[in-house]
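Asks: First the structure, which I've put down as structure tokens, then a few questions once you've had a look.
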Amino acid sequence: AQFLGGQTLKPEESTNFSAGVVWDITPDINITVDYFNIELENRIAQTGTIEIGGEPVPAGVSCPNARANPVGNLALCLQELGVPGAADLNSVSFYTNDFATTTTGFDIVGTWNLDWGNAGSGTLIGSWNWTETEVDNAGSEVNRN
């Protein structure tokens, strides 16, 4: 992953704010309204497929056998550096801290407790939600051919 621009993963960080109110219209009917805002930094995601079979050995990397091979490439170099089975790989993907997002939304829930006497009781619940997530910063440190 480091040869392809990957870095050590950092923990995801979040900051959130939420607020809500409950309105008891009657003893049997109430409505709740909630707002939330969640900001996430250093979100971890998997890269797309990165072809390595035809990639040259990176400059400054000591892989003399891969360089001497007529089809020497990054996969052979990784094998030479001790990555088991790397010579058989054509592509890889890995995890990276790649973007930041902000999610905002509202929830509204209405509850009506019903009593039908000898027939029993029940509760009618209606709910509505609106949520939007925006990508604030998309990373570009990883090549995703």
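The values are calculated or read from the model by the stated rules, or taken from the named source; none is laboratory data. As the structure is a computational prediction, the values presented were derived from the model and not from experiment. Glycine also receives a Cβ, built like all others from the backbone with ideal geometry; neighbour counts cover every protein chain displayed. The area values use the complete protein model at the heavy-atom level, side chains included, leaving out ligands, DNA and RNA. Shrake-Rupley method; radii C 1.70, N 1.55, O 1.52, S 1.80 Å.
Asks: Relative contact order for the chain: what percent, with Cα pairs under 8 Å and sequence separation of 6 or more?
Replies: That works out to 28 percent.
Asks: Within 10 Å of each candidate Cβ there may be at most 15 other Cβ atoms; applying that plus a DSSP loop requirement, which chymotrypsin sites (Phe, Trp or Tyr not before Pro) in segment 22-96 survive? Write down the numbers at each step before the final one.
Replies: Details: sites: W23, Y35, F36, F94, Y95; in loops: F94.
The qualifying sites are F94.
Asks: As a check on your grasp of the helix formula, calculate [θ] at 222 nm for the chain: sum -39500 (n - 2.57) over DSSP H runs of n ≥ 4, divide by the residue count, round to the nearest 500. Please list the in-between numbers first.
Replies: On the way: 2 runs with 12 residues, N = 145.
Value at 222 nm, helices only, nearest 500: -2000 deg cm²/dmol.
Asks: Out of the total accessible area of the chain (probe 1.4 Å, heavy atoms of protein only), what percent is carbon and sulfur? Please list the in-between numbers first.
Replies: Working: 5010 of 9650 Å².
Here carbon and sulfur together make up 52 percent of the probe-accessible area.
Asks: Give me the accessible area per residue for the chain, probe 1.4 Å, as a whole number in Å².
Replies: Details: 9650 Å² over 145 residues.
Per-residue value: 67 Å².
Asks: Using only the Cα atoms of segment 1-103, what do you get for the radius of gyration and for Dmax, in Å?
Replies: Every Cα atom of segment 1-103 included, Rg and Dmax give 24.5, 83 Å.
Asks: Hey, got a sec? Which GluC sites (Glu not before Pro) in segment 1-93 land in a DSSP loop and have at most 13 other Cβ atoms within 10 Å? Intermediate results must be reported in sequence, preceding the final value.
Replies: Numbers: sites: E12, E13, E39, E41, E51, E80; in loops: E12.
Answer in residue order: E12.
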